[in-house]
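Each value in this text was obtained by applying a stated rule to the coordinates, not by laboratory testing. Predicted model, so just to flag it, every value in this text is computed and none were measured. A quick note on method: Cβ atoms are made from the backbone with ideal geometry, for glycine too, and the neighbour counts reach across all protein chains shown.
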């Protein structure tokens, strides 16, 4: 019998970036890169487990904006265009590196990776990767959870009651529509929790959420088992806290695995390194150098001089890191089992994009780890939070503390001098949305469409990603523009509705451009 | 949320803050992008440090206005602080892009195109209110909107003259229900329309914005909602049904601290971590999702990179077959061809063969190319 449990939770999220008004749009590359480097490699990994009969239980949040983008026809078509371009480049690279077998091996590796991604995307799943994840869930391996409708940071946007509720309800409905069941859990955007938030989760039938370590440790009354068991909020929704030890091994820049010298260096990409004329067709059309995804070097060490990447060494390292990670979890579980007198749960949440995009070998690490967990030990069992609640339905009742997993643990990332100006507008819009929803309830036709579009614009403005970007100071103009644009659209719709002067042509245009949640229902903003 | 960490480019400012902006901009434009990337990677840590310095926010009780975003109501006439007016702010925002925020000059152009399409957000919504948000256990954030006529009416209640009247933010501690709540007054200056307020963990607050006469009379312009700050340590509340384990130990294990510390020590360690004051070299990256866990390249000063490629091109009859080093070469419809190779140090023998379509003739051309790179030590001139 096992002595403890481990829950791996991968949070897959990107903000809604879709620009039909431009033929090419740089920020859409976030999605394309994540598909090639993270989502498809994870799918390949899960397929491998099924093929080889490796038992596994993993939890993944697929956020509503990500789901919306993955299911969007325009973005699917553009992804293929992006991938074809990459394949062409990889092909050229195989030839260009003919005199350097070490580099040619890597070029071949990319060529293989990209062509395989295309095959998976196009032939196995007919462009619909969400259906791939759904399949793993339906076959009992994956537990997919939801998130806020647009990843709104709930502790800061909930001036009117309906804001948090609408974010949760809209996400839950999308989940139900796509996965054909109720969302079992939720990844609160940025793990942002405030006492009372759980009641909206309960309304949506959601059974659990995740918080950062101190959200549980500072809960009241004191949680007997720390983060090694969930607590029930007074509403009955369970809260699971992040384990710091397992987190540190992967996240930490100083001690974490991803910084190993044998792993691929993220910051040396041929989009920047190669001759301009040669690389021009594969970077931004306006000539701006961007990452292509083809990177030839390993981390090597602290200095600038980098050695070529050797795939075999990197895989070897991923295997030994997986073994180390497993060993540590075994020790941790044994120790905690004796201390707690019950099987501990080690909750290990990560951004999914860490695996593959940032840490190129991340999916291989997971692959080795999960296989080893299945066959090389019996101390720790991989389970999902839902599995845990079935095994241990009785847990302490306590109220978690306001917290997030952002820098410094609370709200500062999203509320600082760089971004605090957004809240008076976001709050006003949410109050107005509530007002309009109540006032026009029951109307249909053009008015209903306008209300639904106003809800979409509000949701899009609420994405925590914009405030985050403003805080980190990169690509700020884009984030500011997105915030302003959606608020301005919202305000215009509000005024048009109030003055009974809707411009249907413009409304139609907005519906086509900002088309997240085709089935959005403004009534979630009613009292 | 790690996705955006990779393009951190802001810190140039922190590192070269004495340099003029224009200088920086042109440097960024000239620099080949490899370096702006390396610079930017190195910057990340600096950004963090800078943020640490900035924190806790500089506004103590004596309070300097936070750069007012949308300050549309002049609350007090005494303001001498250089507060950014809304106009200035908008102008700043209307600029295409700040040089430190973008990868290169090309990026600037792109952003400029975007900005032109946007109107400004409204300066106010015609309302009178003040709203309060919790930032963390130690700080609240409040913003407000007061219309001029409302302010005039309130001013009339205490005499109608600004003489001896100041705008204040009155912060009430309403944790206890008994008796009158205690409060402190923060004197507002300039065109402030928002404020960070330093407070205590695990207490409840509300604020009023109002006018305070020097004779002590106070008239509130608006009153906020009530908020409660989170505790910054373990709860004092124990649950009898769920006890009997050494909670300090559990706390240490959960938080990744050494076992054997006292409650007080643990509380302090957790507070330090959450304040971002840990200087283990890994900074906040240990416990947050900010940015990438991938180690970044160290910034260097001057730099120089050079590499070589070899272009091999030629022509033959369009229906001929051509090979180079035994591998087939694709001909264009007119019979020309071009190949491009990375050229490392060493000798390359490029035997090219052309075979006529009728199989009668073979021609061979074999260029031999040798690259040998010397790297003398850098020359340093005074």
**Prompt:** With the contact rule set at Cα under 8 Å and sequence spacing of 6 or more, what percent relative contact order holds for the stretch A:415-525?
**Reply:** 38 percent
**Prompt:** What is the mean number of Cβ atoms from other protein chains located within 10 Å of the Cβ atom of each residue in peptide A:90-103, rounded to a whole number?
**Reply:** 3
**Request:** Could I get the Rg over Rh figure for the stretch A:167-209? Both from C-alpha atoms, Rh via Kirkwood, rounded to two places.
**Result:** 0.95
**Nearest-0.05 FRET efficiency for residue B:323 and residue A:448, computed from C-beta distance (R0 56 Å)** = 0.25
**Prompt:** Where the Cα atoms of the stretch A:348-402 are projected onto their three principal axes, how long is each span, largest first, in whole Å?
**Reply:** 40, 33, 14
**Prompt:** When Cβ neighbours within 10 Å are restricted to other protein chains, what is their mean count per residue of peptide A:425-434?
**Reply:** 2
**Complete:** For the stretch A:391-527, using Cα atoms only, the Rg and Dmax in Å read 17.8, 58
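Can you give the relative contact order of chain A as a percent, counting alpha carbon pairs under 8 Å and 6+ residues apart? Show your work: numbers first, answer last.
Details: 892 pairs, mean separation 117.7, N = 527.
For chain A, the relative contact order is 22 percent.
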**Complete:** The value for the stretch B:309-371 (convex hull of the alpha-carbon atoms, volume per residue, Å³) is 70 Å³
**Ranked A:358, A:112, criterion: other C-beta atoms within 10 Å, fewest first** = A:112, A:358
**Request:** Would you mind ranking B:343, A:62, A:129, A:83 by Cβ crowding within 10 Å, fewest neighbours first?
**Result:** B:343, A:83, A:129, A:62
**Request:** Normalising by the residue count of the stretch A:426-491, find the relative contact order in percent from Cα pairs under 8 Å and 6+ residues apart.
**Result:** 38 percent
**Item:** Value at 222 nm in deg cm²/dmol, rounded to 500, when DSSP H runs of n ≥ 4 in chain A each add -39,500 (n - 2.57)
**Value:** -15000 deg cm²/dmol
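Kirkwood hydrodynamic radius, chain A, all distinct C-alpha pairs: what's the number in Å?
About 24.2 Å for chain A.
Determine, for A:86, A:210, B:339, the number of other Cβ atoms within 10 Å of each Cβ, and report the residues in order from fewest to most.
Ordered from fewest to most neighbouring Cβ atoms within 10 Å, A:86, A:210, B:339 come out as B:339, A:86, A:210.
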**Asked** Over all residues in B:135-146, what is the mean tally of Cβ atoms on other chains that come within 10 Å of each residue's Cβ?
**Response** 4
